[in-house]
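Since the structure comes first, as structure tokens, the remarks are kept for the end.
Since every read-out is calculated from the coordinates, none of them should be taken as a lab result. Treat the numbers as computed from the prediction; the structure is a model and nothing was measured. Using ideal geometry, Cβ is built from the backbone for each residue, glycine included, and neighbour counts are taken over all protein chains shown.
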Amino acid sequence: MSNTESKKEYWRWTESRYTNPNINWEDGDIISAGVDVGSVSTQAVIMVDGEIYCYSSMRTGSNSPDSANNAMDWALDSTGLTIDKIKYTVGTGYGRVNVPFAKRAITEIACHARGANFIYGPEIRTVLDMGGQDCKAIRCDQRGKVTAFLMNDKCAAGTGRGMEVFADLLQVHINDVGKMSLQVEEEPEPVSSTCVVFAKSEAVGLLRKGWPKEKVLAAYCSAMAHRVVTLLARLGIEEKFAITGGIAKNIGVVKRIEDELKLKAPEPSIDPQLAGAIGAALFAKALVEKERKKA
Amino acid sequence: MTKANYGYKDGSGEYFITIDTDLCNSCEKCVEACPAGVLEIAEDELDPLGDETIAIVSEEHRKKVKYSCAPCKPGGESKELPCVLICESKALKHSW
């Protein structure tokens, strides 16, 4: 079902929460949590003994501590579980120092590698995280430990913000962008890939020339795919390769990345935007176990 | 061989300082050698469960390494960079 006609805020992707019906937190031993406060979105994931119990994914407001609190409250909503029962919380992401109830902050690079390992399995060696305002290429081992990374957070090209700008410009809902971009007979030339500002101006010109929205979207998704592939290439790619972050849900960008790399990225069974928070929750559990060993 | 790449790519080019955290022995010589305070010793953030410290590019400089490192690259050339030369384990590299 297309959201395009009904929504005026085209960039507003769907916020979500979930409770695992198969877990009773009262029977669990280590309840750990990870909160990923990104520049665009915030996720809170609560795990019981390393299994996902509940989570929430929502837009980050302008206040990081509020975002962390709101995400946590929403994740715990109607579960009966309260914050004081959580043994250890790790904060991560852009706003990681601002998670008031977190015991420790861990870089999102380490968390995304661990989270990707959880979501996609231990065969993953290269992770591409396309976040709201940055883009990371991460190499890891079979345990999800980082062996190399490269991040670009100085530039909107290749990020969710860039995609939101385009969704707004073309008045296409962000959830529909990927699918629409694939509805072209022939792949058009990509738009300028070095700058979202320039790409946007280019897009306006293309629309005026009579290009349909699908074609403009295709050109932008293509440019974005190319930009992130050059970032990845600098790090070297080892299979298996996986994508995390919000843009992993954009099939138009994902497919074009796969075409350029001649590699298929596995489909996630869990929302890929959760990777950072999942990794953080797993580290939280490991830190509880480490503390216990010392005692 | 665990490589941390600090820096960025923008319209003018790619600027990354790469530190091999497995080779780095935390001797601090690069921190002292840098005239701009770009480098510092910190906990290895890629190994949150471990207790090692290593050299990193400080957060303050990560998005402006092109400018922070410019005084050591007169005319844009990267010859005999003090941080690279002084590193005992050859753990540090500049991409530009």
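Using helices alone, what [θ] at 222 nm do you get for chain A, with -39,500 (n - 2.57) per DSSP H run of 4 or more residues, divided over all residues and rounded to the nearest 500?
Values: 8 runs with 112 residues, N = 295.
Helix-only estimate at 222 nm: -12000 deg cm²/dmol.
What is the calculated FRET efficiency for B:Asp10 to A:Ser16, with r their C-beta to C-beta distance and R₀ = 41 Å, to the nearest 0.05? Working shown, then result.
Values: r = 34 Å, r/R0 = 0.82.
It comes out at approximately 0.75.
Sorted by mean Cβ packing within 10 Å, highest first, what order do the peptides A:286-294, A:260-268 take?
The packing order, highest mean first, is A:260-268, A:286-294.
With a sphere of radius 11 Å drawn around the Cβ of A:Glu289, what net charge do the other residues whose Cβ falls strictly inside it have (Lys, Arg +1; Asp, Glu -1)? Kindly include the intermediate steps, with their values, before the conclusion.
On the way: positive: A:Lys87, A:Lys285, A:Lys290, A:Arg292, A:Lys293, A:Lys294; negative: A:Asp29, A:Asp49, A:Glu291.
Around A:Glu289, the charge tally is +3.
Roughly how crowded by other chains is peptide A:138-150, in terms of the mean Cβ count from those chains within 10 Å of each of its Cβ atoms?
That works out to 4 on average.
Under the definition of partner shielding as Cβ atoms of other protein chains within 10 Å of a residue Cβ, what is the mean value for peptide A:120-133?
Counting Cβ atoms of other protein chains within 10 Å of each residue's Cβ and averaging gives 0.
Taking R0 as 25 Å, what FRET efficiency do you get between A:Arg292 and A:Ile83 from their Cβ-Cβ distance, rounded to the nearest 0.05?
The pair A:Arg292/A:Ile83 has a calculated efficiency of 0.75.
Using just the C-alpha positions of segment A:135-232 as equal point scatterers, what log10 of I(q)/I(0) does the Debye formula give at each q in 0.11, 0.12, 0.15 1/Å?
Taking Cα atoms of segment A:135-232 as identical point scatterers yields -0.36, -0.42, -0.60.
Using just the helices of chain B, give the 222 nm mean residue ellipticity in deg cm²/dmol: DSSP H runs with n ≥ 4 each add -39,500 (n - 2.57), and the total is spread over all residues, rounded to 500.
Estimated from H runs of four or more residues: -3000 deg cm²/dmol.
Please arrange B:Glu43, A:Glu214, B:Glu77 by counting, for each residue, the other beta carbons lying within 10 Å of its beta carbon, fewest first. Can you show the working numbers first?
On the way: B:Glu43 13, A:Glu214 19, B:Glu77 9.
So the ranking, lowest neighbour count to highest, is B:Glu77, B:Glu43, A:Glu214.
Let me know the Kirkwood hydrodynamic radius for the protein assembly as shown, please, with Cα pairs as the basis and the value in Å to one decimal.
21.8 Å
What's the center-to-center distance, using Cα atoms, between segment A:44-61 and segment A:188-242 in Å?
One Cα centre to the other: 32 Å.
Kindly provide the trypsin sites (Lys or Arg not before Pro) of segment B:9-96 that DSSP labels as loop, not H, G, I, E or B, and whose Cβ sees at most 13 other Cβ atoms within 10 Å.
Here the trypsin sites (Lys or Arg not before Pro) that fit, given the DSSP loop and packing criteria, are B:Lys79, B:Lys90.
Which ordering of A:Tyr10, A:Tyr53 is given by a fewest-first count of other beta-carbon atoms within 10 Å?
A:Tyr10, A:Tyr53
Can you give the average number of partner chain beta-carbon atoms within 10 Å of each beta-carbon in peptide B:6-14, as a whole number?
The per-residue average across the peptide is 5.
How would you rank B:Tyr8, B:Tyr67, going from fewest to most other Cβ atoms within 10 Å of each one's own Cβ?
In order of increasing Cβ crowding within 10 Å: B:Tyr67, B:Tyr8.
At 0.36 nm per residue, minus the direct Cα-Cα distance, what do A:Asp168 and A:His226 gain on full extension? Give it in nm, one decimal, please.
Using 0.36 nm per residue and subtracting the Cα-Cα distance, I get 18.7 nm.
Fully extended, how many nm does the chain gain between A:Val97 and A:Glu239 (0.36 nm per residue separation, minus their Cα-Cα distance)?
47.8 nm
Which net charge results for the neighbourhood of A:Asn24, defined as the other residues with beta-carbon distances under 12 angstrom from its beta-carbon, given Lys and Arg at +1 and Asp and Glu at -1?
That sum, taken over residues with Cβ under 12 Å, equals -4.
Which distance in nm do the two modelled labels at B:Lys64 and B:Ile86 give, with both placed 7 Å along the Cα-to-Cβ direction?
2.2 nm
How large is the dipole of chain B about the Cα centre if only Lys and Arg carry +1 and Asp and Glu carry -1, each at its Cβ, rounded to the nearest 20 debye?
That gives a dipole near 680 debye.
Given the options B:Asn5, B:Gly76, B:Ile19, identify the residue whose Cα lies farthest towards the positive end of the charge dipole of chain B (+1 on Cβ of Lys, Arg; -1 on Cβ of Asp, Glu).
B:Gly76
I want to check the label-to-label distance for B:Trp96 and B:Ala42. Put each point 7 Å from Cα in the C-beta direction and report it in nm to one decimal.
Placing both labels 7 Å beyond Cα along the Cβ direction yields 2.1 nm.
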